[in-house]
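In what follows, a single structure is set out as structure tokens and then discussed.
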Amino acid sequence: MQLKDLESRKLKQIIELENKNILPILDSVGIQMTPDEMQNQIYKMMDSFIILDCPQDRVNGFILYKIKESSMIINSFNVKKTNNYQILISLLEQAVHLLKELNIQIIKSKAHITNKRSICLHRKMGFQEVNQTTTELEFLINKNVLLAKIQSRLFRLDK
């Protein structure tokens, strides 16, 4: 499913979640962005695909991504409650299903250098750091390595 296919109330919840979780991270690396500017950034990504955890019409988390050549590029991975493993499990299970279907080899992602939880998750999932700027770390991983890591972690998280 693409972001542009979402109902307006779900899109609004995604924007709210991005504003709540991402704006403080951007500010911590010296990037000032207003909620309206964040909304405009999301509107520019309407052709992105989305993995969504949305029980009872309430967005709890999502992964926004694009496919380019033989790579998946993760633009945003956002969870409403940082310590809720059920949301994380739901998103990762959907990601496993999707990755098995897609003809890609590499997954690329970025994390702001002050977003310690994101950096920790990337490292635990086996992503390799390939570049660092003053504001971001860039990661990548082979699809099969990530699938194996997710499936082993899901088995442990689900208990």
Check: What nm distance separates the two modelled labels at I113 and E93, each placed 7 Å from Cα along Cα→Cβ?
Finding: 3.9
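Among Y65, Y85, rank each residue by its count of other Cβ atoms within 10 Å, from fewest to most, as a rough exposure measure. Walk me through the numbers on the way to the answer.
On the way: Y65 24, Y85 13.
Placing the least packed residue first, the sequence is Y85, Y65.
Quick check: net charge around V59, other residues with Cβ under 15 Å of its Cβ, Lys/Arg +1 and Asp/Glu -1?
Values: positive: R9, K10, K12, K20, R58, K80, K81; negative: D5, E7, E16, E18, D53, D57.
Cβ neighbours under 15 Å give a net charge of +1.
DSSP loop (so not H, G, I, E, B), at most 14 other Cβ within 10 Å: list which trypsin sites (Lys or Arg not before Pro) in segment 45-83 pass both filters.
Working: sites: R58, K66, K68, K80, K81; in loops: R58, K80, K81.
The qualifying sites are R58, K81.
Fewest Cβ neighbours within 10 Å first, please rank M72, M38 accordingly.
Details: M72 23, M38 17.
Ranked by crowding around the Cβ, least crowded first: M38, M72.
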Next item on the list: Please express the Cα-Cα pair-distance distribution P(r) of segment 41-158 as a list of whole percents, one per 5 Å bin, running from 0 to the bin with the greatest distance.
Entry: 2, 11, 20, 26, 23, 14, 4, 1
Margin query: Quick query: amide H of C54 versus all other amide H atoms, modeled in the peptide plane; which residues come in under 5 Å with a sequence gap of 5 or more or a different chain?
Written below: N60
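For the chain, what does the relative contact order come out to in percent, with C-alpha contacts under 8 Å and a separation of six or more? Intermediate values should be presented prior to the final figure.
On the way: 224 pairs, mean separation 29.1, N = 159.
About 18 percent, as a whole number.
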Notebook entry, point to check: How would you order 142-152, 95-105 from highest to lowest mean count of nearby Cβ atoms within 10 Å?
Noted result: 142-152, 95-105
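Measure up K66/K110; K68/K110; K12/K100; K10/K80 against 23 Å on the Cα-Cα distance and list the ones that go over.
K12/K100
Where the convex hull is taken over the Cα atoms of segment 88-148, what is its projected area averaged over directions, in nm²? Intermediate values should be presented prior to the final figure.
Values: hull surface 16.6 nm².
The directionally averaged projection comes out at 4.1 nm².
No lab work stands behind these numbers, since they all come straight from the coordinates. Since the structure is predicted, the reported quantities are computational estimates derived from the model, not experimental observations. Cβ coordinates were reconstructed from backbone atoms using ideal geometry, including for glycine residues, and neighbour counts include every protein chain displayed.
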